[in-house]
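Chemist: Please find one structure pasted underneath; my questions will follow.
Bear in mind these aren't lab numbers, they're just calculated from the coordinates by the rules spelled out. From a predicted model like this one, the values you see are computed outputs, not experimental measurements. Positions of Cβ are generated from backbone atoms using ideal geometry, with glycine treated the same way; all protein chains shown enter the neighbour counts.
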Amino acid sequence: MPQSDTHYDVIVLGAGGAGLLCAATAGQRGRRVLLIDHAPEAGRKIVISGGGRCNFTNIHTAPDRYISANPHFAKSALGRYTPSDFLALIERHRIAWHEKTLGQLFCDGSARQVVAMLLDECAAGGVDIRLDHPITAIDHADALYRVTHGARTAAAPALVIATGGPSIPKMGATGFAYDLARRFGLKVVEPRPALVPLTLGGEDVLFRSLSGVSTEVIAHSGKTAFREAALLTHRGLSGPAILQISSYWRHGEVIALDFLPDRPDGWLIDAKRHKPRATLAQSLRAHLPDRLADALGERLALSGDLANLPDRKLAEAERRLARWSFTPNGTEGYAKAEVTSGGIATDGLSSRTMEARKMPGLYAIGEAVDVTGWLGGYNFQWAWASGWAAGQAV
Ligand code: FDA
C-alpha cells in the first residue's frame, strides 16, 4: 500500500549533472527538494566522461556552439551561469583542473570528484536523494505533481524533468523525458544520436581496412566544418572531427574530408618541380600516415613519377584530397552516441526559467531539452546552466 504523500517544494527527476546542480541550487535557496533516480548511483555519465577525468566545461562557451531548432534559446541560461561560475565551484571544492586543448577544462584527478562535489552541494541544500527508485506513476492534480516511486509517493507544486536522453542505454539512459513531456502537452523535436561515429559501406568500405589510422582533417558537412583529428575504424569514421560533424549530418548526405589542411594550393605541382622522381604516394607520405597515403595514392590511380604526370591531373588530385567525399550509411547509434540531439521542444519552455509555458510548475533541463553542444565540455556547461536557471526559479 502506498504511504501518504510526502510534501516538497520541488521534485527533480534524474540525478545527472543537470538534476544535481538544479537540486543543490534550489535546496540552497531554502526549497525542500526531493531528487529521484532509478540508477543506483548519481552522476554516472559524469563518472565516465572525459575518459574518467570529466571535461566539465569549455571556456569558449557561446550559444553558436549549440544546435537547437531555436538557436537563441540557450543564450539566457548560458549567459547567467557561465564556465567561470562552475569553475569557481570546482575551485571552492579544491578540485585540481587543467585546460587540455581548445578551451576544454578537465579534472587533474578523477571525474568522481565532480560527482562528490555536487552531492556535497546537495547536502548543503538539505536535498533528499533517492537512488535506485524506479518511478512508477506521475500525476498532476490540484496544482500538485505526485510522483510514485516504489511504495512511496511524494508531491510538490514543481516538477523538474532532468532524465537526459537515450544515449548509452546500458548506463540507464531512457527516453522517459520525452514521454513525460508529451503527456503534459510539450512537443518533442525528433531525437537523434549525436557526437557519434559514422559507419561506411559501399565503395567507402575500403577505408575500413585502415582501422587505427588517425590524422588531422577538416571535416565538412554543408556549411559546417571542424578541424580536428579523424580516426578510421573497422566500422567507418570516428575521432573528434567526425563526432563533431556527426551532429550536423543527416542520412543520405555526404561529408567531405580535407586530408591535407595545411598544404597550400599548388603543392603537388611544386612537389613535381622539387622531387620529380617521387611517386604520388611518396609525396603524400611526407604529410600523412603511410597506410593512409598509400590507400589515397592507390585510389587516385596516378601511377609513375610525378614528372610524368600532367599538372592538370595533379591539380585535380589536390582538389580530391581537399574534399574527399564519403557517404556514411549510418551512425553507430545510441549505444555509442555521446549525446542525443533533438528532445523537448524549446518553444514550449521559458528560456529564462526552463518552465513549461502552458504547464505551470513543470520544468525541463539538460540533455532532455532540444539543445545539443559541441564536443569539448559544452554539454556539461548546458547541463549546469539550465539546471541553475531552473534551480533559481522553482
Ligand atoms: P544525464 O543523462 O547525465 O542524467 C540523467 C539521469 O536521469 C541519469 O542519472 C539517469 O539514470 C536518470 N534517468 C533516466 N531515465 C530515468 C527514469 N525513467 N527514471 C528515473 N531516472 C531516470 N559532456 C561534456 O560536456 N564533457 C564530457 O567530457 C563528456 N563526456 C561524455 C562521455 C560519454 C561516454 C558520454 C555518454 C557523454 C559525455 N558527455 C560529455 C555528455 C554529458 O555526459 C551529457 O550531456 C550530460 O551528462 C547530460 O546531463 P543530464 O543531467 O541532462 O543527463
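Chemist: Report relative contact order for segment 198-331 in percent, whole number only (criteria: Cα-Cα under 8 Å, sequence separation at least 6).
Modeler: Numbers: 237 pairs, mean separation 41.3, N = 134.
Here the relative contact order equals 31 percent.
Chemist: Just want the answer: with Cβ charges of +1 for Lys and Arg and -1 for Asp and Glu, which residue in PHE380, LEU260, ALA162 is farthest toward the dipole's positive end in the chain?
Modeler: Final value for the positive-end residue is LEU260.
Chemist: Test of understanding: express the Cα radius of gyration of the chain as a ratio to 2.2 N^0.38 Å, with N the residue count.
Modeler: Values: Rg = 24.6 Å, N = 394, 2.2 N^0.38 = 21.3 Å.
Dividing the Cα radius of gyration by 2.2 N^0.38 Å gives 1.15.
Chemist: Oh, and also: Would you be so kind as to identify which of PHE56, GLN392, LEU210 lies farthest towards the positive end of the dipole of the chain, taking Lys and Arg as +1 and Asp and Glu as -1 on Cβ and the Cα centre as origin?
Modeler: Looking along the dipole axis, the top candidate is LEU210.
Chemist: Something else now. Under a Cβ-only charge scheme (Lys and Arg +1, Asp and Glu -1), can you give me the dipole magnitude of the chain about the Cα centre, in debye to the nearest 20?
Modeler: The calculation lands at about 320 debye.
Chemist: Please report, largest first and rounded to whole Å, the three semi-axes of the ellipsoid equivalent to segment 19-137, where each semi-axis is the square root of five times an eigenvalue of the C-alpha gyration tensor.
Modeler: One finds semi-axes of 24, 19, 15 Å for segment 19-137.
Chemist: Suppose R0 equals 41 Å; then what is the FRET efficiency for ARG29 and LYS336 from their Cβ-Cβ distance, rounded to the nearest 0.05?
Modeler: So, using R0 = 41 Å, E works out to roughly 0.60.
Chemist: What spacing in nm lies between the two simple spin-label points modelled at ARG130 and ARG92, each 7 Å away from Cα in the Cβ direction?
Modeler: 2.8 nm
Chemist: Which distance in Å, rounded to a whole number, links the C-alpha centroids of segment 169-227 and segment 121-158?
Modeler: Their Cα centres are 33 Å away from one another.
Chemist: Using +1 at the Cβ of each Lys and Arg and -1 at the Cβ of each Asp and Glu in the chain, identify which of PRO240, PRO134, VAL47 lies farthest towards the dipole's positive end.
Modeler: Comparing the listed Cα positions along the dipole, PRO240 ranks first.
Chemist: Under 29 Å Cα to Cα from LYS272, which lysines show up? Leave out anything in the same chain fewer than 8 places away.
Modeler: Result set, ordered by chain and number: LYS313.
Chemist: Calculate the translational D of segment 170-292 in whole µm² s⁻¹ from Stokes-Einstein, where the hydrodynamic radius comes from the Kirkwood formula applied to all Cα pairs, the temperature is 20 °C and the viscosity 1.002 mPa s. Please list the in-between numbers first.
Modeler: Details: Rh = 17.2 Å.
The calculation lands on 125 µm²/s.
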